[in-house]
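Heads up, the thing below is written out as structure tokens.
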Amino acid sequence: MRENELYDLAELFKVFGDSTRIRILYALFEHEVNVNDIADQLSMTASAVSHQLRLLKQNKLIRSRRDGKQIYYSLADDHVKTIMAMGMEHIEED
């Protein structure tokens, strides 16, 4: 593996190193949700959620879709679900 690929992989895992971002990803696990619904679900401000969503989107972990004035967010692809599911499986091992 090339050095720049290892660096990119490390940067990706850094994104998963924040519990707020993990909570947001789990909020998007089953279906798309808008910022206000995520904020309500996680007892956060819409501004704080938006900041984290921006980081998640920059790292290609989520995508967005506009419907009128609302923007709905969802996981970017099944890879994100797989990474999270494997992480949970790993921490639940005896």
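Can you confirm whether region 3-10 contains a residue that is within 13 Å of the chain's Cα centre (by Cα), within 22 Å of ILE83 (Cβ to Cβ) and assigned to a helix (DSSP H, G or I)? No - not one qualifying residue is present in region 3-10. Would you tally the residues in region 52-72 being under 12 Å from the mean Cα position of the chain (by Cα) and either over 17 Å from VAL15 (Cα atoms) or in a helix (DSSP H, G or I) (or both)? So the count comes out to 8. The C-beta contact set for region 28-43 (first residue in contact (Cβ under 8 Å) with a residue 12 or more places away in the chain and open to solvent by less than 80 Å² (accessible area, probe 1.4 Å), second residue among the charged types (D, E, K, R) and not in a helix (DSSP H, G or I), distance under 7 angstrom, 6+ apart or interchain) comprises GLU32/ARG65.
If you go through region 73-94 and pick out every residue that is assigned to a helix (DSSP H, G or I) and over 12 Å from ILE22 (Cα atoms), you end up with 7.
The values are calculated or read from the model by the stated rules, or taken from the named source; none is laboratory data. Everything numeric here is computed off the predicted structure, so don't read it as measured data. Here the Cβ is made from the backbone with ideal geometry for all residues, glycine too, and neighbour counts use every protein chain on show. All accessible areas refer to the heavy atoms of the entire protein, side chains included, with ligands and DNA or RNA removed. Shrake-Rupley method; radii C 1.70, N 1.55, O 1.52, S 1.80 Å.
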